[in-house]
Structures are given as structure tokens and as C-alpha cells.
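Asker: I'd like to ask you about the structure that follows.
Read the figures in this text as sums done on the coordinates, not as results from a lab. Computed from a predicted structure; not experimentally measured. Positions of Cβ are backbone-derived with ideal geometry, glycine not excepted, and every protein chain shown enters the neighbour counts.
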Amino acid sequence: MDPVNSLDFASAARTLTRAARRRGLVGPSFRCPPRLVGVDRSIRRRGNGAVVSVRLRGRPWPAVLADMVEGVVAANRLGPPQADRLRAELWESLGVGATGAPGGSGAPDAAADTRVA
């Protein structure tokens, strides 16, 4: 397992925040590690914003990315089907397909109209 690089984390954070804001959603801030001991991801809400904290150390990169994507969904309090469409769009913005391989076509069963309502 390759160690997670903080530069990759920062790049993914910028990509996810921009993608959320382009859709008119809350683009959370990201930090590491979470203040709570023993958790992989936490979220703190402040006013209209949110801070998603993710543990990097000792974790595979796909798990870190998954927590970041879920953090955006949680920050916006989305439920199905909007959450499912947003997940697919965020994975695509990261250049990761449904299989976790770079350059994929997004999450499975992504709707043709991928705008979040």
C-alpha cells in the first residue's frame, strides 16, 4: 500500500470543492487528521459551510477519496437520487471510474442528466 501523499490530498480537495460549488452546493473545506481519535472521517458544520476531516495515515488512497466524496454529500445533506448523481459526478471529476481505475466513466448507473436539483 502506497502512503497517501498530502499533495494529492490537497489536489483532490480543491477538485471536489470546485465541483460542488459549480453545482451550486456547499464546497466544504478539507483537513487532516480528524480531531476525534479513532475515526476515519468527521464533519464540522459552521454557518453555511462545513469542514470535512479525513485520516490519511495508514489508509489506501481509494478509501481516502471515498471519505472525501462522502464528506461532500454529507455537507450538503443530500439523499437519493441527488446524492447518487453527485457521487458519480464527483468520482468523474477526480478521474476515477466505478472500478477505482483512473480514467473511468464515473460511478455505475450514472443518470444521463447529471445535474443535481
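Asker: Rank the residues S93, S6 as a footprinting-exposure proxy: fewest other Cβ atoms within 10 Å of their Cβ go first.
Answerer: So the residues, fewest neighbours to most, are S6, S93.
Asker: Just subtract the alpha-carbon distance of N48 and A63 from 0.36 nm times their residue separation and send over the number in nm, one decimal.
Answerer: 2.7 nm
Asker: Follow-up. Each residue of region 52-69 in turn: what ³J(HN,Hα) in whole Hz from Karplus with 6.51, -1.76, 1.60 and θ = phi - 60°, glycine and Pro shown as x?
Answerer: 9, 10, 10, 7, 9, 4, x, 10, x, 3, x, 5, 5, 4, 4, 5, 5, 4
Asker: Can you find, among G27, V69, S93, the residue sitting farthest towards the positive end of the charge dipole of region 6-93, where Lys and Arg contribute +1 and Asp and Glu -1 at Cβ?
Answerer: My answer, from the dipole projection, is G27.
Asker: DSSP loop (so not H, G, I, E, B), at most 12 other Cβ within 10 Å: list which chymotrypsin sites (Phe, Trp or Tyr not before Pro) in region 1-99 pass both filters.
Answerer: none
Asker: List the residues whose amide H sits under 5 Å from the amide H of C32, counting only those 5 or more places along or on another chain, with H placed 1.01 Å from N in the peptide plane.
Answerer: Long-range HN contacts for C32: V54.
Asker: Ordered by residue, what ³J(HN,Hα) values in Hz, to whole numbers, does region 29-37 give under the Karplus form 6.51 cos²θ - 1.76 cosθ + 1.60, where θ = phi - 60° and Gly and Pro are x?
Answerer: Calculated HN-Hα couplings, in order: 8, 10, 8, 8, x, x, 6, 7, 6 Hz.
Asker: Same structure, new question: What is the magnitude of the charge dipole of region 6-93 about its Cα centre, with +1 placed on the Cβ of each Lys and Arg, -1 on the Cβ of each Asp and Glu, and no other charges, expressed in debye to the nearest 20?
Answerer: Around 400 debye, computed over region 6-93.
Asker: A further question follows. With only Lys, Arg, Asp and Glu charged, each at its Cβ (+1 for the first two, -1 for the last two), find how big the charge dipole of region 1-57 is about the Cα centre; round to the nearest 20 debye.
Answerer: Here region 1-57 has a charge dipole of around 360 debye.
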